1. Among 49, 38, 82, whose Cα lies farthest out toward the positive end of the dipole of the range 21-83, if unit charges sit on the beta carbon of Lys, Arg (+1) and Asp, Glu (-1)?
2. For a 28 Å ceiling on Cα separation, which of these pairs sit above it: 64/163; 21/140; 21/167; 68/167; 84/140; 76/140?
3. Can you give me the % of accessible surface on the range 1-53 that is carbon or sulfur? Probe 1.4 Å, all protein chains present, nothing else counted.
4. Would you kindly calculate the translational diffusion coefficient of the range 1-54, applying Stokes-Einstein with the Kirkwood radius from alpha carbon pairs, for 10 °C and a viscosity of 1.306 mPa s, and quote it in µm² s⁻¹ without decimals?
5. Where a ≥ b ≥ c are the square roots of the eigenvalues of the C-alpha gyration tensor, would you call the range 72-170 rounded, which needs a/c under 1.5, or, failing that, prolate if a/b is larger than b/c, or oblate?
6. Would you check the accessible area of residue 66, probe 1.4 Å, heavy atoms only, in square angstrom rounded to 10?
7. Heavy-atom accessible area per residue, the chain, 1.4 Å probe: how many Å²?
8. Between the range 82-102 and the range 148-173, what is the C-alpha centre distance in whole Å?
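The values are calculated or read from the model by the stated rules, or taken from the named source; none is laboratory data. All figures in this text were calculated on a predicted structure; none of them were measured in a lab. Neighbour counts are summed over all protein chains in view; Cβ atoms, including those assigned to glycine, are modelled from backbone coordinates with ideal geometry. These area figures cover heavy atoms from the full protein model, side chains too; ligands, DNA and RNA do not enter into them. Shrake-Rupley method; radii C 1.70, N 1.55, O 1.52, S 1.80 Å.
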Amino acid sequence: MNLIELLEKEHSKAQCDKIVKYVGRNPKRFEELVNVFLNGPYRITQRSAWPLSNCVEQHPDLIKPHLKRILQFVKKPNVHDAVKRNTLRFLQFIEIPRSLQGLSVDVCFTFLLDTHEPIAIRVFAMTVLTNLSRVLPELKNELIPIIEDQLPFGSPGYISRGKRCLKELTRTN
């Protein structure tokens, strides 16, 4: 199956599901999808983000060998919102290796603090940071005031997620 041809053909839920089914839990096919995602062209990178995220949600172990490259990629300027959104989305479902927690925190705070980013990107970043605060409790001291400061200006989606994250962040362990 030629992933680039599939991604060029159409961008739909059915096509996404077809790619996810093709990849399954096969590491070689997943690597092929990651390479398509990272090497473009731009429209193909954008379209491959959705199936990539769904593959990671179903089989989180597949992303481990590729996570550093993807985190570095998503930090680049002019990356499509779909790439950022789907990368942050899948980060919610995985245990981020210790060696990549710093990079993940940096990426997430960058997106969370940028009020020009779409709400979905910002709330996924907030959730990833909240998840990371379980293993890096010092994040709570920085994350709680940011969420509290932004809540009065947030959309309904941001407010809902913010309240949920604050509830978890302020729980005593």
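1. After comparing all options, I get 38.
2. Exceeds cut-off: 64/163; 21/140; 21/167; 68/167.
3. With neighbouring chains kept in place, the figure for the range 1-53 is 49 percent.
4. Estimated via Stokes-Einstein, D reaches 149 µm²/s.
5. Here the range 72-170 falls in the oblate category.
6. The accessible area comes out at roughly 20 Å².
7. Averaged over the residues of the chain, the accessible area is 53 Å².
8. One Cα centre to the other: 20 Å.
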